[in-house]
Amino acid sequence: MHKKHKLACDQYEEIKKPKEIYLPLIIGNDTDLVVLVKVGDHVYKETMVAYNKGKFKSYLHSSISGTIKAIEDKTYSNGQKVKCLIIENDYKEQVQKRTGVKEEINNYSKEEFIEIIKNAGIVGLSGNGFPTYVKYDTDKKIKTLIVNAIECEPYLTADYTILKNKYREILEAIDAILDINKIDECLICISKRNRKLIKLLNQYTGTYLRIKIVSIKNAYPMGWEKGLIKEATGLTYDGLPSECGIIVNNVSTIYAIYKALKSGTPLLERIITISGELAPKHTNVLAKIGTPIKDIIGEVDSNNVLIIAGGPMMGHALVDFDTMVTKQANGLLLIKKEDRQETACIHCGKCLKYCPCHLAPILVKGKNKDELKKLNVDKCMDCGLCSYVCPARIPLKDYMDEAKKSIKEVSHE
């Protein structure tokens, strides 16, 4: 297992501005978007360029100023081809004048807060990209905000880096979120291994009395929402955390909320980890959404290098390298390509033993939709432990992904 402390994670670097960006026209898994621009249009940085038609609205913005050059198919991080706006950079970073920004971010009403983070296109920055505003748009009493800074996957240090460098802004944002939404307390959950960061943050808890730093055991997959809530509070629930008065936000999402409240800036960029045994440099970079990954990692020998978008456990191997940084991207891992030969199941039961959701991954292949429902595949949290522990090298996580997709299709979700 890779030791995170070997990474250059105390600082991050800004990469060279891309010549063009590929802005994927997909939100969640929804590609049925309303596109607000056409080829030849000039766009400002922060221009809203598309939104989805679904129940939970979310918005895409241009991370640069420039010209819509084309709409072309590019490979998305999940391996699918999706339509992308190709925007040519004019390097002017022009933005239109912002209005309605308040000096004190605690002074927004709840309705204003929800509208701001909705229009800013802020989504969960470590999971499936679910729109953040939906969690706050509830009449249920929320007692606790949990800020997830666990980042339990090997290699990844993007969340650690943003908390280490932007802790003042993050604490200010949390304080505002508590005030605006009348939430009683916040628990910032950090892995025990990050002792120096815990000590640093504890110096500020005297200023923010409603914010507590919670040291969480170093175990995988402790960043899983349901497991984290039980570990931090002892509470359990069946459906959503709001059932027990809790909202969970990733720490990078909190920083995106800060920028939206403070300056009206939509989600345009994020920090991602560049690592792996074949990475030219182990570092974290601040990259604009839509930046081609070739602009970050340079030329790569596709015959020998495997690039994983995300972490080694929950990430996806890229089928080609003509892809881009997305809102959900938290890492790019460059590792040696191996010929992993799958063999027959040996009935060892390891995938059942180690599944944190108590599922049976080996049983899902070839099952129809009704059988998949009985196997509770929708409870899978994508940790990848089933594939990791399988001595037969069966791609069980892929089977679970396909099974969940099948269930969603039949449910029209």
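The values are calculated or read from the model by the stated rules, or taken from the named source; none is laboratory data. Keep in mind it's a predicted model, so treat the numbers as computed, not measured. Because the Cβ atoms are built from the backbone with ideal geometry, glycine has one as well, and the counts that use them run over all protein chains shown.
Overview of values
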{"read-out": "Residue within the range 372-394 that is part of a helix (DSSP H, G or I), out of contact with any Ser or Thr (no Cβ under 7 Å at 6 or more places or on another chain), polar (S, T, N, Q) and at pLDDT 90 or above present", "value": "yes"}
{"read-out": "Subset of the range 131-169 [crowded, with 24+ Cβ neighbours inside 10 Å and not hydrophobic (A, V, I, L, M, F, W, C)]", "value": "THR132, ASN148, GLU151, GLU153, TYR155, THR157, ASP159, TYR160, THR161"}
{"read-out": "Residue satisfying condition, being touching a Cys at 6+ places or on another chain (Cβ under 8 Å) and β-branched (Val, Ile, Thr), within set ILE362, ILE335, ILE293, ILE346", "value": "ILE362"}
{"read-out": "Qualifying residues in the range 45-87 (those that are at pLDDT below 95 and polar (S, T, N, Q)) - the one surrounded by the fewest Cβ atoms within 10 Å (Cβ to Cβ)", "value": "GLN80"}
{"read-out": "Test: residue in the range 341-355 that is charged (D, E, K, R), in a loop (DSSP other than H, G, I, E, B), assigned by TED's automatic domain parsing to the domain that holds HIS61 and over 17 Å from ASP401 (Cα atoms)", "value": "no"}
{"read-out": "Selected residue (only one of ILE274, ILE257, ILE247 is more than 27 Å from ILE307 (Cβ to Cβ), touching a strand residue (DSSP E or B) at 6+ places or on another chain (Cβ under 7 Å) and surrounded by 15 or more Cβ atoms within 10 Å (Cβ to Cβ))", "value": "ILE247"}
{"read-out": "Residue count for the range 209-243, restricted to those that are in a loop (DSSP other than H, G, I, E, B), of a type in the set (Ser, Thr, Tyr) and either more than 30 Å from LYS140 (Cβ to Cβ) or modelled with pLDDT of 95 or more (or both)", "value": "1"}
{"read-out": "Hits in the range 94-113 - residues which are within 30 Å of LYS19 (Cβ to Cβ), within 28 Å of the chain's Cα centre (by Cα) and exposed (fewer than 13 other Cβ atoms within 10 Å of the Cβ)", "value": "GLN96, ARG98"}
{"read-out": "Qualifying residues in the range 277-315 (those that are touching a helix residue (DSSP H, G or I) at 6+ places or on another chain (Cβ under 8 Å) and not in a loop (DSSP other than H, G, I, E, B)) - the one surrounded by the fewest Cβ atoms within 10 Å (Cβ to Cβ)", "value": "VAL285"}
